[in-house]
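In what follows, a single structure is set out as structure tokens and then discussed.
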Amino acid sequence: MSFVLTAILILVAGLGWAAELSYWPSSNPEEIQLARTLVEEWNRLRPDIPVKMQPLPAGQSSEEVLLSAVVSKTAPDVCSNILPAMMGRFVRSKAIVPLDGFDDHERVLYGRTDARQVERFRSADGKLYQVPWKSNPVMLVYNAEIFDSLGLKPPRTYGEFAKAAKVLTRDSDGDGRIDRWAMKVSIKNLWWQRLFDFYTFYVAASGGKTLLEKEKAAFDNPAAVSVMRFFREGFKNEYFPLSGSAGDVFLDGKAAMDVAGPWAVKYYERIRPGFKFGFSPIPVPDGHTGPVYTYGDAKNIVIFSNTRHPKQAWEFVKFLISKQADRRLLEITNQMPMRKGLTSDPYFADFFRKNPALRKPAEQTARVAPTDESVHLVQILDSLSSQFEACAVYGEIPPEESIRAAAKEVQYIYDHW
């Protein structure tokens, strides 16, 4: 019996059944559905490398949950909810498997994703640790019914925005107070909120630049000043609501524009079925030349170094970025795979025929920028958020001074923290 049992165990090990992998996706409903679908397909195709899926455990933020898991050595083999800016902490902790350990990593990554995008995710030590997965290009979203009724086109420049805003901003009931605005902008002093207003518009105005360069503040420039002035003028002229409001002022038709990514489509369909909208590039300063970039709101895939099966984990990661998986990503979440030629590839053509509103975000994926990889990202955006509140929302200091002050504070953080 012992001989038979030994033979069975050798056979099982040879088939790889012992190489079970753990996989943590995001905990939002659509991504859980996507992960469940992909894991079921994988387990049918590769029973020799079974994968067990568990959504990211609850916590204050997914980054904190993952950092705690690294410390306690309970991190999964594979995770697909990695914010690029947080990679510095993981790399310094030697928590991530470098991709150059896999012979085919360059062919796989550069075969799927534009080289410039891949290189944006290279870490300070020169290595690649994260697999570019999905991007949510943050764009201007406009209420198509309001725009059509007024004969307006989505604004491409700050000048065009101001002209449209004068028409859209009004007192609809004659009580002397503005109750219809051009665009929804948050006044909350929250670091992550600035990713979807100041930072998005800065990426557009600067031609795709980020806030840092070699751990130095690199945003004390005319592009940043023009963005801060754009928001200051908007609040000053009441183009943006200055107070909170129950509900969603964009979906309620009170604000004609918003800033969002393709993830919003599912939300619109759920909250306001039949709501007519369109995506357009982020407005840029008058005189801007060249393509318009935006914040990509990327999430990437990594293999944690506590894995006992790195080669098998790499095989699973390659499945997660296959064409078939990218099609599932589009269908289930409406989020954009970082795949070059997405809108020209016949494999995805019928999806965009059925979902024409998503074609523009798909085209925009070729021109996106992530956040900088920095352990100080929260503090950097906190500083910008405070200056945004003081300058743009309340007009207490001029744009030039607010940008200069934020850049000095960011540099102080790098020099002394």
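Quick note: the coordinates plus some simple rules give every number you see, no bench work behind them. Values in this document were obtained by computation on a predicted structure and should not be read as measured data. Ideal geometry is used to build each Cβ from the backbone, glycine not excepted, and the neighbour counts take in all protein chains shown.
How high is the relative contact order of the chain, in percent, counting Cα pairs under 8 Å that sit 6 or more residues apart? Let's see the in-between values first.
Working: 681 pairs, mean separation 108.6, N = 417.
Taking the mean separation of contacting Cα pairs over the length of the chain, I get 26 percent.
What FRET efficiency do you get for residue 149 and residue 345 if R0 is 45 Å and r is their Cβ-Cβ distance, rounded to the nearest 0.05? E(calc), rounded to 0.05, equals 0.80.
Annotation: the residues 416, 376, sorted from fewest to most other C-beta atoms within 10 Å of their own C-beta, follow the order 416, 376.
A straight chain from residue 110 to residue 416 at 0.36 nm per residue would run longer than the Cα-Cα distance by 106.4 nm. Descending by average beta-carbon neighbour count within 10 Å, the peptides 30-37, 343-350, 387-394 line up as 387-394, 30-37, 343-350, the highest first.
A value for volume of the Cα convex hull per residue in Å³ was derived from the coordinates, and within the list (i) 148; (ii) 159; (iii) 125 it appears as (ii).
Which length gain, in nm to one decimal place, applies between residue 236 and residue 127 when the Cα-Cα distance is subtracted from 0.36 nm times their residue separation?
On the way: separation 109, 0.36 × 109 = 39.24 nm, distance 4.61 nm.
Length gained, residue 236 through residue 127: 34.6 nm.
First obtain the Kirkwood hydrodynamic radius of segment 174-322 from its Cα pairs, then insert it into the Stokes-Einstein equation at 20 °C and 1.002 mPa s, and state the resulting D in µm² per second as a whole number. D, rounded to a whole number, is 116 µm²/s. Angle of helix 158-168 to the longest C-alpha principal axis of the chain, folded into 0 to 90 degrees and rounded to 10: 70°.
Per the Cα gyration tensor, segment 328-406 maps to an equivalent ellipsoid with semi-axes of 39, 15, 11 Å, ordered largest to smallest. Each peptide in 195-204, 177-186, 306-315, 117-126 was scored by the mean count of other Cβ atoms within 10 Å over its residues; highest first, the order is 195-204, 177-186, 306-315, 117-126. Remark on residue 185: its backbone amide H falls under 5 Å from none of the residues 5 or more positions apart or on other chains, H modelled at 1.01 Å from N. Remark on segment 111-256: Rg and Dmax equal 18.5, 61 Å (Cα only).
Calculate the all-directions average of the projected area of segment 113-175's alpha-carbon convex hull, and give it in nm². Kindly include the intermediate steps, with their values, before the conclusion.
On the way: hull surface 32.3 nm².
So the mean shadow area of the Cα hull is 8.1 nm².
Do the alpha carbons of any pairs in 52/318; 134/276; 254/276; 163/184; 94/408 sit beyond 21 Å of each other, and which pairs? Over 21 Å apart, Cα to Cα: 134/276; 94/408.
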